[in-house]
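Report on the following structure.
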Amino acid sequence: MAFLFCNGTIVLPDRLLPQGQVEVSGNRIRAIDTTAGAVTVPHNMRMVDLDDGFLVPGFVDLHVHGGAGHDFMDGTEDAFRAVCQAHARHGTTSLLPTTTAASHEQLLTFLGVCQKLCDPAPQTDPASRASSTGAARSIASNPVTAPREGGSRTGGARILGAHFYGPYFAKEARGCHPAEPIRSPRPEEYLEYLAFGSCISRATVAPELPGAETFVRACRALGIGANVGHSFATFAQMEAARSWGVTHVDHLFCAMSDRARLRQEQTYPMRGGVMEATLYFDDLTTEVIADGKHLAGELLKLAYRLKGPNQLALVTDCNRALDQPDGSYIFGPKEGGEPILRMDGVGIMPDGKSLASGVFGMEHGVRTFLALTGAALVDVIRMASLTPARIAGRDKEIGSIELGKVADLVVLNRDLRVREVYVGGERI
């Protein structure tokens with residue numbers, strides 16, 4: 001099917017294009033017309049009238065656990081599809097299914113399903129990403145299917161690969177994750193995970209844990225991006241983690257050390273932690289949960305000012321309560337997960353003293369970040385699309401409206417609410 005999008009504003013990577021036109025044929029963007037004027041629709045195209053709204057690139061979510069009553073850790077294809085379809089309704093066209101702290105068997109089950117449904121990077125040979133290590137040799141026994149040319153395997157957002165997020169956290173910084181399965185990385189365990197190779201996009205670790213360095217280096221040898229998260233590391237430990245290959249920090253300001261937290265362990269001199277290191281090192285990318293509940297406007301403004309739209313991504317960190325009523329839910333796998341509540345527009349622990357991930361899709365984050373910061377629309381859309389696509393290593397194919405890129409597109413009305421969603425040139 002061929003489409004001509006017109007009669008609205010096109011959000012390009014660096015500017016707004018009022019009354020522009022975008023032609024899509026097959027699964028690619030074939031033309032971008034920057035000259036406003038009368039619209040002539042070729043006979044073989046369907047016109048999509050933007051009705052004075054916006055055409056934006058599909059959103060890319062680096063950190064998402066669930067939705068529509070399901071969690072990726074449920075470990076079934078039905079759950080994966082339900083979550084991906086739910087987030088597509090909110091404008092997300094690509095995502096990284098994100099693990100929680102869980103048992104070894106549950107994590108292997110998650111990775112097996114992810115491998116079946118993910119769309120790996122085009123022309124990627126898993127063995128070519130790896131060094132000649134035992135982990136690299138084991139990848140060959142778990143080949144990934146070839147990338148799909150149109151749409152997605154889920155009927156919703158396409159899966160770019162897993163975000164292997166739990167269980168290598170500091171227990172004191174576990175947040176809403178169950179405590180029992182949190183552990184330090186051991187090669188005899190994580191080599192089984194890394195054997196899934198190119199269906200893992202990024203992996204998180206607390207750098208103060210024993211074995212963290214060897215885990216990060218094993219990930220980087222396979223082309224897997226390395227994150228810091230749920231950590232009470234010092235600034236010096238963060239500096240060391242950068243030398244191992246860490247490039248990204250999970251949910252800025254949440255479940256991380258700072259000067260105040262580290263002073264509980266050492267009165268003087270006061271030291272910086274994960275937060276200060278994230279803001280200080282220009283090469284570290286990071287992300288914020290812009291739901292209006294996790295972070296007040298001043299923290300979003302601080303992150304935007306210090307990191308900028310090229311180093312800061314929006315994420316949902318959404319749990320299974322997306323599009324569900326207030327009430328009780330399980331964060332993570334149904335067996336062994338952590339009880340949480342959905343209330344007041346956020347996930348919260350039953351004692352009411354700490355948050356437990358998000359309950360909204362990406363369109364809500366875009367609107368909220370705009371409202372609380374006054375940032376430019378072009379920048380906010382970039383933080384929800386091109387920047388996370390680059391962090392996931394997929395910006396050559398997705399993340400922006402540019403000639404030749406995959407036609408992952410979202411039609412928003414003037415209030416920035418989702419009207420239509422296209423994945424690989426297919427309306428879903």
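Taking 7 Å steps out from each Cα toward its Cβ at Arg427 and Glu180 produces label points 4.9 nm apart.
Springs between Cα atoms under 10 Å define the GNM used for the chain, and in it the highest mean-square fluctuation of Val274, Val249, Val113 occurs at Val113.
Working from label points 7 Å from Cα in the Cα-to-Cβ sense, the Tyr268 to Ala31 distance is 7.2 nm. Given their separation in residues at 0.36 nm each and the Cα-Cα distance between them, Asp51 and Asn7 gain 15.3 nm when the chain is fully extended. I'd like the orientation of helix 104-117 relative to the chain: the angle between its Cα long axis and the longest Cα principal axis, in ° from 0 to 90, rounded to 10. For helix 104-117, the angle is close to 20 degrees. For the chain, the dipole from Cβ point charges (+1 on Lys and Arg, -1 on Asp and Glu) about the Cα centre works out to 460 debye, to the nearest 20. Here the Gaussian network model covers the chain, with springs between Cα atoms less than 10 Å apart; of Pro185, Pro325, Pro339, Pro325 fluctuates the most. The per residue volume of the convex hull around the alpha-carbon atoms of the chain is 127 Å³.
Label reach from Asn310 (point 7 Å along Cα→C-beta): in segment 284-299, amide nitrogens under 19 Å belong to 284-288. Label positions at Glu172 and Asp282, each projected 7 Å from the Cα along the C-beta direction, are separated by 3.3 nm. Seen against the Cα atoms of the chain and their longest principal axis, helix 77-88 is set at about 60 degrees.
Based on the Cβ-Cβ distance of Asp78 and Leu191, what FRET efficiency does E = 1/(1 + (r/R0)^6) give at R0 = 25 Å, to the nearest 0.05?
Using R0 = 25 Å, I get an efficiency of 0.30.
Using the Cβ-Cβ distance between Asp14 and Asn44 with R0 = 25 Å, the FRET efficiency computed as 1/(1 + (r/R0)^6) comes to roughly 0.20.
Laboratory data are not the source of any read-out in this text; all were calculated from the coordinates shown. Quantities reported herein were computed from a predicted structural model and do not represent experimental measurements. Every residue, glycine among them, receives a Cβ derived from its backbone with ideal geometry; neighbour counts consider all protein chains shown.
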